[in-house]
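Taking it in order: structure first as structure tokens, then the write-up.
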Amino acid sequence: MAELSTGAEGVQIDLISGERMASKATMEKIRMILDGVHEGNIVILEDGLSPDEESRLIEVTMSEISPDEFSGIEIETYPRSGAEASGILNRIIGRDSSSKLTVIGPANRIETLHKDETLIKALVS
Amino acid sequence: MGLLTSIRTSITDVTDRLFSDGEPKRIGIYGPPNAGKTTLSNRIARDWTGDAIGPESHIPHETRRARRKENVEIKRNGNTVTIDIVDTPGVTTKVDYQEFLEFDIEEEDAIRRSREATEGVAEAMHWLREDIDGVIYVLDSAEDPFTQVNTMLIGIIESRDIPVLIFANKIDLEDSSVQRISNAFPQHETVPLSALEGKNMDEVYDKIAEYFG
Ligand SMILES: Nc1nc2c(ncn2[C@@H]2O[C@H](COP(=O)(O)OP(=O)(O)OP(=O)(O)O)[C@@H](O)[C@H]2O)c(=O)[nH]1
Ligand SMILES: [Mg+2]
């Protein structure tokens with residue numbers, strides 16, 4: 001896992017490789033994601049989650065929401081075609097993969113997590 | 001036809017009949033908060049059973065418990081299709097009680113509402129994994145359909161091989177765009193309607209009978 005940080009007041013970004021996730025059970029993956037998000041980090045998964053894992057992520061997220069402490073997550077996935085697979089995030093992670101990139105962050109810190117075909121935009125406060 | 005094959009065939013016939021007569025399919029009404037799921041569920045229930053399912057509201061997360069209306073018999077072209085309708089809480093990945101304060105709800109009630117909403121969303125996800133045979137996915141056609149929640153939920157439904165119809169609701173609104181919804185989910189059939197005004201309900205019932213009958 002790569003950790004990019006912009007200083008004490010900054011935003012920590014956890015880039016989690018597909019390799020690191022592949023050996024984990026569903027609940028371990030969800031725990032890893034939500035632990036990061038609870039700390040205020042932006043978690044980027046190189047390989048994304050399966051539909052069943054996404055369904056459980058929503059369920060567990062709901063069970064952890066608590067007033068004034070945690071209001072849930074923002075999540076966006078980014079399906080990459082072969083042509084796009086040489087982008088900057090891949091170079092950071094140093095891997096090439098055809099599966100979907102997923103960005104997850106704490107809802108209260110991310111103003112908009114916008115997505116179009118070529119871009120995920122996150123405004124972090 | 002060998003003896004074994006014919007026995008097998010007749011067993012299949014019996015189970016087919018048991019299914020269609022004894023066990024109505026459970027059709028989950030899913031979608032984001034405020035899309036009009038309860039308004040639609042109430043209209044279907046009222047049209048075919050005479051009574052409603054639950055309260056509708058412009059405040060999101062009005063439905064915080066899945067509610068079921070059993071044995072709704074929809075008559076179409078001489079056939080009767082019997083389904084159970086499950087009206088579910090709107091699915092989201094975040095709930096902030098502060099949002100309810102804008103609707104003149106007291107803080108204490110807002111906190112309770114948000115807690116119930118989170119339980120409701122979890123419950124809706126659980127129903128989807130365990131107890132749903134078909135899905136009507138309701139969207140507000142005046143809103144952007146390209147949201148992560150919609151993409152994820154449709155993906156979850158597809159991965160479980162559950163038949164799904166997309167309902168483009170609120171076509172009575174000026175900003176409504178059915179096209180935007182069919183572009184977002186070209187792999188599924190989109191049915192336009194206004195659950196509030198009862199527009200295009202004939203096609204709605206035709207499609208329900210065709211997909212879930
Ligand atoms: N204009 C218009 N408004 C509608 C229509 N259907 C529902 N509404 C309104 O949309 C709001 C939400 O309706 P509900 O049926 O409570 O929505 P829901 O999807 O059940 O919402 P939750 O239970 O909170 O997830 C209410 O104010 C309804 O009157 C429609 O076809 N047209
Ligand atoms: Mg409702």
Segment residue B:51-residue B:206, extension gain: residue separation times 0.36 nm, minus the distance between their alpha carbons: 53.7 nm
With a cut-off of 8 Å between alpha carbons and a minimum separation of six or more residues, what is the relative contact order of the range B:24-212 in percent? 24 percent
Within 10 Å of each Cβ in peptide B:88-100, how many partner chain Cβ atoms are there on average? Round it to a whole number, please. 5
Using 0.36 nm times the number of residues separating residue B:76 and residue B:116, minus their current alpha carbon distance, what extension gain do you get? 10.6 nm
Diagonalise the Cα gyration tensor of chain B and give the resulting equivalent ellipsoid semi-axes, square root of 5 times each eigenvalue, largest first, whole Å. 33, 19, 17
Hey, could you pull the Cα Rg and Dmax for the range B:54-96, both in Å? 14.6, 48
With the crude spin-label approximation of a point 7 Å out along Cα→Cβ, what separation in nm comes out for residue B:131 versus residue A:31? 2.9 nm
Report, in deg cm²/dmol and to the nearest 500, the calculated mean residue ellipticity at 222 nm for chain B, where each DSSP H run with n ≥ 4 adds -39500 (n - 2.57) and the sum is divided by the residue count. -13500 deg cm²/dmol
Take every residue in peptide B:119-132, count the Cβ atoms of other chains within 10 Å of its Cβ, and give the average of those counts. 3
Just in the range B:170-213: which chymotrypsin sites (Phe, Trp or Tyr not before Pro) are loop by DSSP and have at most 11 other Cβ atoms within 10 Å? none
Place +1 on the Cβ of every Lys and Arg and -1 on the Cβ of every Asp and Glu in chain B, take the dipole about the Cα centre, and give the residue among B:173, B:98, B:77 whose Cα lies farthest towards its positive end. B:77
Taking placed amide H atoms and a strict 5 Å upper bound, the residues 5 or more places from residue B:52 or on another chain that come that close are none
What's the average, rounded to a whole number, of partner chain beta-carbon atoms within 10 Å of each residue's beta-carbon in A:46-52? 3
Check the range B:24-212 and count each lysine pair with an alpha-carbon distance under 30 angstrom, considering only pairs eight or more places apart or from different chains. 23
For B:180, B:64, ascending order of other Cβ atoms within 10 Å (fewest first) is B:180, B:64
For the residue pair residue A:19 and residue B:158, what label-to-label distance in nm results when each label sits 7 Å from Cα along the Cα-to-beta-carbon direction? 3.0 nm
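Any read-out appearing in this document is the output of simple, stated calculations on the displayed coordinates, not a laboratory observation. Remember, it's a predicted structure, so these values are computed and weren't measured experimentally. Note that we place each Cβ from the backbone using ideal geometry, even for glycine, and neighbour counts take in every protein chain shown.
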